[in-house]
Amino acid sequence: MSIGVRFEDIVKEFGPVRVLHGVGFELAPGRVYGLLGENGAGKSTLMKILSGYEQPTGGTVHVDGQPRSFRSSRDAEAAGIVLIHQEFNLAEDLTIQQNIFLGHEKKRGWWLDEAAMRADTVRVLAQVGLDRDPDTPVRQLIVAEKQLVEIAKALARNARLLIMDEPTASLTPGETEALFALMARLHAEGVTIVYISHKLDEVERTTDEVIVMRDGRFVTRRATRDVTRRQMANLMVGRELSDLYPPKDPAPAGKPPLLRVRGLNVPGWASDIGFEVQPGEILGFAGLVGAGRTELFEGLLGLRPHSVERIELDGREIRIRTPRDAVNQGLTYLSEDRKGKGLHVGFGLSENLTMMALEHYAKPWLRPREERRALEGAVREFGIRTGSLDVRAASLSGGNQQKLALAKVLHPRPKVVVLDEPTRGVDVGAKRDIYFLIQRLAREGRAVVVVSSELMELVGLCHRVAVMRAGRIQAVVDAQHLTEEELISHATGTKQ
Ligand SMILES: Nc1ncnc2c1ncn2[C@@H]1O[C@H](COP(=O)(O)OP(=O)(O)OP(=O)(O)O)[C@@H](O)[C@H]1O
Ligand SMILES: [Mg+2]
């Protein structure tokens, strides 16, 4: 049995701020919908209302023709409506199996039915293609694996309407394909699916119909086959978008490097890594997930056990024991793990922004007015959408959290900046802004390292790209040879 939904005049306010302004549209049973909109448009909020995580301020949700109001996610799940969160919602200290059944433990009489839960866990892990022991603590998983656990959790709930909020943001191409196969199977079984993504090629491939929201309102809906990706992008931002990438500046030549790394080893992940970046240069790092890109930089920054022969910054040998050492030397790092290592989501926006530059603000005393001005500047410069400046980072939309994280690492005005997945979860308009920003950083004479799983992004943006495989740099591809095919062949080892 498939579920149909009708939103009628849904309003949502957080305190004084109205984020949904009377949204109305319908989801027919058994279809696959792409829900599109810029960062902060209200997609996640609307879906949280449908799935019982938030209560609407006004309006009615009709499920199969009946007005329903779900007081909790458990309520909604009992009705077959399950949301897979954009920001993971896992208990880090519990195991995979405990997370999958948290709040839904199976019982036999008075006892927990461990055998049944184990069997279900094994089944759903196989469905999502995660090869892990159900007793593994979630804390030990990498980001992509956590995403698969989120999806497995939803499957264990037997959803009839499944909402996926940016499920592929941290998946490998292989995992993404497995997810699409799973969606196709669920679709064939009659499950209604809402798919939220900024990856328009995926929306194009997987959905029957797209629904566009802008500024907390429903804008339009189209059969997916009737719109091009470019039209989708234009509908989202409400204007004609010009080229996504800035024209490339010529690669800087013959300057002494700003950052030079020799003999970096991160046990289990990366061995004998050496590279250098010149002022004005954008150096990319490509590789399949698991190739060791993120771990390499986490090692360099002192976030993982490592050894290194030599690090030079602007001609001087430096030592980095902690990310704070690195900031003090002029090197900052944007983590791919926004919620874990990037932002302190429980803190306010300005604490997050100025955290790295605390030295400056805390000495000789805290300067709240200066902090405030810095925040206002960052909100303007990075286009961070928020109803108020006095909210916790947790209440920003996913893409806007990413912009805040970016503002944070650039706030200390670093000479060298390492950006791991800088455009994860941001909308096409904001993506373009970030690409132009990266170019500006390079033009100002900084050295920029971009780690990305989006090959197009590396090709469109970088002067050179280092390709990693199995913990080593396999090749460094220069501007003349920079194509997606070239990067893939080095990353997969099909090219010698
Ligand atoms: N708990 C909250 N408190 C205050 N404001 C909130 C809260 N949750 C969301 N908002 C605001 O509601 C607006 C819509 O956010 P929402 O997360 O629904 O956007 P989105 O369309 O999912 O964006 P993205 O593509 O970035 O994920 C944003 O301006 C956000 O800051
Ligand atoms: Mg969202």
**Fill in**
All conditions in (1) polar (S, T, N, Q); (2) open to solvent by less than 40 Å² (accessible area, probe 1.4 Å); (3) more than 18 Å from Tyr33 (Cβ to Cβ) are true of Thr168 except (3)
**Fill in**
By residue number, the members of the range 181-203 that are without any contact (Cβ under 8 Å) to a residue 60 or more places away in the chain, more than 16 Å from ligand 1 (Cβ to nearest atom) and open to solvent by less than 20 Å² (accessible area, probe 1.4 Å) are Leu182
**Asked** Of (1) more than 16 Å from ligand 1 (Cβ to nearest atom); (2) in a helix (DSSP H, G or I); (3) open to solvent by 40 Å² or more (accessible area, probe 1.4 Å), Arg413 satisfies all except one. Which?
**Response** (2)
**Message:** Please determine whether any residue of the range 454-466 is touching a His at 6+ places or on another chain (Cβ under 8 Å) and buried (at least 21 other Cβ atoms within 10 Å of the Cβ).
**Reply:** no
**Request:** Pairs only if they're at least six apart or on different chains, beta carbon under 6 angstrom, first in the range 368-389 and in contact (Cβ under 8 Å) with a residue 40 or more places away in the chain, second among the charged types (D, E, K, R) and open to solvent by less than 40 Å² (accessible area, probe 1.4 Å); list them, first residue then second.
**Result:** Phe382/Lys403
**Asked** Among the residues of the range 34-57, is any within 13 Å of ligand 1 (Cβ to nearest atom), part of a strand (DSSP E or B) and in contact with a Gly (Cβ under 6 Å, 6 or more places away or on another chain)?
**Response** no
**Request:** Hey, could you check the range 154-176 for residues that are within 16 Å of ligand 1 (Cβ to nearest atom) and out of contact with any strand residue (DSSP E or B) (no Cβ under 8 Å at 6 or more places or on another chain) and say which is modelled with the lowest pLDDT?
**Result:** Ser170
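Look through Leu27, Leu83 and report the one residue that is within 16 Å of ligand 1 (Cβ to nearest atom) and either open to solvent by less than 50 Å² (accessible area, probe 1.4 Å) or modelled with pLDDT of 95 or more (or both).
Just one listed residue meets the conditions, Leu83.
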**Request:** Hey, can you tell me all the residues within the range 38-60 that are open to solvent by less than 40 Å² (accessible area, probe 1.4 Å) and either out of contact with any strand residue (DSSP E or B) (no Cβ under 9 Å at 6 or more places or on another chain) or on the phi < 0 side of the Ramachandran plot (or both)?
**Result:** Glu38, Asn39, Ala41, Lys43, Ser44, Thr45, Leu46, Met47, Ile49, Leu50, Ser51, Gly58
**Prompt:** Among (1) touching a strand residue (DSSP E or B) at 6+ places or on another chain (Cβ under 8 Å); (2) surrounded by fewer than 22 Cβ atoms within 10 Å (Cβ to Cβ); (3) of a type outside the set (A, V, I, L, M), where does Gln66 come up short?
**Reply:** (1)
**Flag for Asp427 being surrounded by fewer than 20 Cβ atoms within 10 Å (Cβ to Cβ) and within 16 Å of ligand 1 (Cβ to nearest atom)** = no
**Prompt:** Which of the residues that make up the range 196-213 are in contact with a strand residue (DSSP E or B) (Cβ under 9 Å, 6 or more places away or on another chain) and not β-branched (Val, Ile, Thr)?
**Reply:** Ser197, His198, Leu200, Glu202, Glu204, Asp208, Glu209, Met213
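The values are calculated or read from the model by the stated rules, or taken from the named source; none is laboratory data. Since we're looking at a predicted model, the values are computed, not measured. Cβ atoms come from the backbone with ideal geometry, glycine included; neighbour counts cover every protein chain shown. Please note that ligands, DNA and RNA were not included when accessible areas were found on the heavy atoms of the full protein model with its side chains. Shrake-Rupley method; radii C 1.70, N 1.55, O 1.52, S 1.80 Å.
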